[in-house]
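Bear in mind these aren't lab numbers, they're just calculated from the coordinates by the rules spelled out. The model shown is predicted, which means the values in this text are computed figures rather than measured ones. We place every Cβ from the backbone using ideal geometry, glycine too, and count neighbours over all the protein chains shown.
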Amino acid sequence: MRVTWEELGWERLADGVGRCRLPGWDCTAGLVRGTDAALMVDAGSSLAEGARLHGAARRLAGRRVTHLALTHPHFDHVFGAAAFEGARVYGAHGAAGTAALFAPGGQGREALRADAAAEGLDARAAREAADALVPVRHEVHGERTLGLGGGRHVLLADVGPGHTGHDLAVLVPGDPAVVFCGDLVEESGEPQAGPDAVPSRWPAALDRLLELGGEDALYVPGHGAVVDAAFVRAQRDALAARFGVSR
């Protein structure tokens, strides 16, 4: 028997669509359920957190997670991915080709581990998650639609670069539509631009999000509360001013 979103501490966004705000870094993890499949958006910051998410998703969807969309390759969004055994893993175009990140023993894994430890993740948990990191097997070139059964479809869109070189958004059509933005949008703090950010392209990525969702969509940031189109536009303009990008 399915439980309600609220019983597990999740936030219901629309019919069959919800998310939870994870402790620590206030990351979003989302779930979209259909009659034949279930899609998870991002995987948490550790193997243990990923296992908890998958357990909750099983109870909410009545099945294991069959598809996992990783919005971008930062530890707090991908380190739980190995807990979703058997799921098809999706990422933005180029994500699978970043061999240094996803290949066993690659330097990118070490960079993620070091970043996680520096941000406060237990050193052992960071090492275990980095060693177990699963590769993106299904790159999204432009857009890709997934059917989850029962008339439920989701659109995966390569909208970056921006926050990173490989930013994936997830649009769930409906009333309201829901857009999972990853860290292209942040509500609980100023958007973070690390060494892998592409600031000159970030405002255009937010324009793309707005094209996908439209005026009435719910926009789910990588960190923080759900926002509306006006918030996304304001953050786009602030990023353009911050990085000197002409509009």
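General remarks:
- The overall shape of segment 181-247 is oblate: from the C-alpha gyration tensor, with semi-axes ordered a ≥ b ≥ c, the ratio a/c is 1.5 or greater and a/b is no larger than b/c.
- Highest GNM mean-square fluctuation among Ala114, Ala169, Ala92, for the chain modelled with Cα contacts below 10 Å: Ala114.
- Cβ-based net charge around Asp36, under 13 Å, with every Lys or Arg adding one and every Asp or Glu removing one: +4
- Local net charge near Val198, Cβ-Cβ under 15 Å (Lys/Arg +1, Asp/Glu -1): -1
- Which labelled figure in (i) 31, 19, 15; (ii) 24, 23, 16; (iii) 35, 19, 17 is semi-axes √(5λ) of the Cα gyration tensor in Å, once derived from the coordinates: (ii)
- Net charge, Asp237 excluded, C-beta distance under 13 Å - Lys, Arg +1, Asp, Glu -1: +3
- Take 156-168, 118-130, 4-16 and order them by the average number of nearby Cβ atoms within 10 Å per residue, most first; the result is 156-168, 118-130, 4-16.
- The label point for Ala123 and the one for Glu85, both projected 7 Å from the Cα toward the Cβ, are 2.9 nm apart.
- Using a Förster distance of 41 Å, the FRET efficiency for Arg12-Ala114 (Cβ separation, nearest 0.05): 0.65
- Mean ellipticity per residue at 222 nm, deg cm²/dmol - from DSSP H runs of n ≥ 4 across the chain, formula -39500 (n - 2.57): -8500 deg cm²/dmol
- Filtered GluC sites (Glu not before Pro), segment 149-247: DSSP coil and at most 13 other beta carbons within 10 Å: Glu215
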